[in-house]
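Below you'll find the structure, written out as structure tokens, and then a few comments.
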Amino acid sequence: MTLPGPATLVYAALIVTAGLVAIVAVRPAVTATRGGKIFAFVALFLLPVMSIFAAGFEHVERTKRTSFCLSCHIMEPYGKSLYVDNPQYVPAAHFQNHRIPVDEACYTCHTDYALYGGVHAKLRGLRHIYIQYLGTPPAPDKIKLYTPYNNRECLHCHLGARSFQSNAVHMAILDSLKSNEMSCVTSGCHDTVHNIDSLSKAKFWSPER
Amino acid sequence: MTEPAMPLEPKLRLAGLLLLCGLLVAIVTLTWNAPLSFLVFSGIGGPFIFAGIVVYLYSLTNLHHN
């Protein structure tokens, strides 16, 4: 037996709340008694407040999903690059080998692992929505990061990992990596990232369903 | 001079209807997996629910008139 997920619980809360609200809306006379007043307070105040917070939380959680990011047409080539059959492609190697959660692949690497990283990621997301619907979205190959990719996002997982520590080169340049003096992805070591320009020539891995 | 109070029941109905609209928008947007769904949820569903709660709380402040 599997427990219902958070989304199911949110749906249930919203439906139950709607049902109780409907009772008060159809028969407001139920509030004539003391018990009815308490019922109305629960149905028209407590449950809606709790439900709206739960639904908002669920919406924010959903924005972390890979399928959410790839629901914008402009992101399609980036999603495709996760299936390139070549371990030199850093995102593909991470995605295909489950080194990152596959359901939150974009978010895992493109959020800042800092105090307000998640908040900044959400604000950038709102800007992307604005550009998508009210602005002029750039071509996929013209999309650039706001700032150079911070090694902190790589080191968040790799620092302290045996495979990372046992590599003599990593250990020799560790201080430069920590200070971003050298970049993991643009200093010539792991520089094949999404590279969507070369996807037309790439072979693709197709996972067995 | 005080305003004549609106009877409680229409206010509760109004609060209920606003809340129902907001909850319906919340349910629909949760089934819709697109970036626009969050904007519809927060821009339409949220204000409906907020208005419903405000109408309900306002009705409580006028209870003594009824």
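The values are calculated or read from the model by the stated rules, or taken from the named source; none is laboratory data. Bear in mind the structure is a predicted one, so any value in this text is a computation, not a measurement. Positions of Cβ are generated from backbone atoms using ideal geometry, with glycine treated the same way; all protein chains shown enter the neighbour counts.
Quick notes on this one:
- Scanning region A:1-37 for residues that are modelled with pLDDT under 95, β-branched (Val, Ile, Thr) and exposed (fewer than 14 other Cβ atoms within 10 Å of the Cβ) turns up A:Thr2, A:Thr8, A:Val26, A:Thr33.
- Flag if A:Phe57 is part of a helix (DSSP H, G or I), over 16 Å from B:Ser37 (Cβ atoms) and more than 8 Å from every other protein chain (Cβ to nearest Cβ): no
- Scan region B:39-51 for residues that are facing another protein chain (nearest Cβ under 7 Å) and either of a type in the set (Val, Ile, Thr) or under 15 Å from A:Phe45 (Cβ atoms) (or both) and the total you get is 1.
- Residue match in region A:48-66 (condition: surrounded by fewer than 20 Cβ atoms within 10 Å (Cβ to Cβ), on the phi > 0 side of the Ramachandran plot and at pLDDT 90 or above): no
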